[in-house]
Amino acid sequence: MTNDDRDMTNETTNLPGAFIRHSSFVIRHSTVGEVVRWAADELSHAEVECARMTGELLVAQVLGWTRERVIAHPEGGLSPEQVDLFRTLVRRRCSGEPLQYITGEREFYGLRFKVTPSVLIPRPETEFLVGEVLRLSNNLPRTQSVCLADVGTGSGCIAIAVLHNLPGCRAWATDISAPALEVARQNAMRFAVGDRIRFVCADLLECFPERPAFDFIVSNPPYGARGNREAVQAIVRDYEPEGAVFGGPSGYEAYSRLIPQAERRLLPGAYLLLEVGFGQWEEVARMAEHEGFAVDRMVEDLQGIPRCIVARRETADQRR
């Protein structure tokens, strides 16, 4: 034990408050407002974006509160055990671990999904896939329930958000990762759609017969290029599941396999919706057209980046 450690032990024994020791100093904390201010300072020094908001969310996690309650009640107290846990969470975030893995949740399409390091953290840009399915479902001529396949489902966010907003829809969700599918199952139960979705541990669409069955096939496949690994943000590269981030040496490998599989399993006039990475949409659209799809539109995200390709399997009349 160092002299500093002995000093901290003696101080803690003599004073009633809880203490946080971070880096080379000791600070006394006892209220929500104080620990938030300390966390914001530590997170700022670690160059964490939205440092104060992150601190508020971590306090909310420890106390079982909402962030709004944390903001409204800075006078609230923390026990020494809660302060110790809070310190651990702040250190994890300062080290680079994603906030969503620390809190275990991520909001997507208005729903709070469970996330673990076994699944990709849902992003706002992926919400465009959900929005397009909901929009296009109004145009389908069939009266029976809509049938959707979510390929590489991860947390299940795409399929579950569709089911939550489209009561007449049924879904199949595939993923090569069994731990990811378990997270998706828990999310399906959380939002009471478990009776309308089936999960299959499989590689892309290989588990389904090669015959038309689906109104929609949607996917946010791994599209990072392993050959350009260092260009990927460290928080993604170092923490999120590699198989969900990197598609192969070029980043196009999943598309080159999935698109022909989808063409053989979509009903005539049905849709394939794919999320694409920065600068990929033209090549992925070319792949889809090569397999006989009509590329109806490209959807940009909020930053103006082409993010979602909507391709339609043409009917026999349309092909003539």
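We did not get these values from a lab; they are worked out from the coordinates using the rules stated. The structure displayed is predicted, hence computed values, not measured ones. Note: ideal-geometry Cβ built from the backbone for every residue, glycine included; neighbour counts use all protein chains shown.
To the nearest 20 Debye, how big is the dipole of segment 155-201 about its Cα centre, given +1 on the beta carbon of each Lys and Arg and -1 on that of each Asp and Glu?
On the way: 5 positive and 3 negative charges, 25 e Å.
Its charge dipole is roughly 120 debye.
Quick check on the chain: helices-only [θ] at 222 nm, where DSSP H runs of length 4 and up contribute -39,500 (n - 2.57) each and the sum goes over total residues. Nearest 500, please.
Working: 14 runs with 131 residues, N = 320.
Helices in the chain give a 222 nm mean residue ellipticity of -11500 deg cm²/dmol.
Computed about the Cα centre, the dipole magnitude for the chain is approximately 880 debye when only Lys and Arg (+1) and Asp and Glu (-1) carry charge, each at its Cβ. Ordering His45, Met287, Val62 by the projection of their Cα atoms onto the charge dipole of the chain, which places +1 on the Cβ of Lys and Arg and -1 on the Cβ of Asp and Glu, puts Met287 at the extreme positive end.
The GNM of the chain, with springs linking C-alpha atoms under 10 angstrom apart, assigns the highest mean-square fluctuation among Leu273, Leu302, Leu163 to Leu302.
Which percentage, to the nearest 5, of the DSSP beta bridges contained in the chain is antiparallel?
Numbers: 22 of 44 bridges.
Counting DSSP beta bridges with both partners in the chain, the antiparallel share is about 50 percent.
What label, among (i) 32, 54, 14, 0; (ii) 31, 59, 9; (iii) 29, 47, 20, 4, 0, belongs to P(r) over Cα pairs in 20 Å bins from 0, in percent computed from the structure on display? Checked against the structure: label (iii). Toward the positive end of the charge dipole of segment 91-176, with +1 on the Cβ of Lys and Arg and -1 on the Cβ of Asp and Glu, the farthest Cα among Ser145, Ala161, Gly96 is that of Gly96.
Taking every pair of alpha-carbon atoms in segment 177-320, what share in percent sits in each 10 Å bin, from 0 to the bin with the longest distance? Over segment 177-320, the share of Cα pairs per 10 Å bin runs 11, 35, 37, 16, 2 percent.
What's the exposure ranking of Asp41, Asp150, going from fewest to most Cβ atoms within 10 Å?
Details: Asp41 15, Asp150 29.
Neighbour counts put them in this order, fewest first: Asp41, Asp150.
Around the Cα centre of segment 92-232, unit charges on the Cβ atoms of Lys, Arg, Asp and Glu (plus for the first two, minus for the last two) sum to a dipole of about 280 debye.
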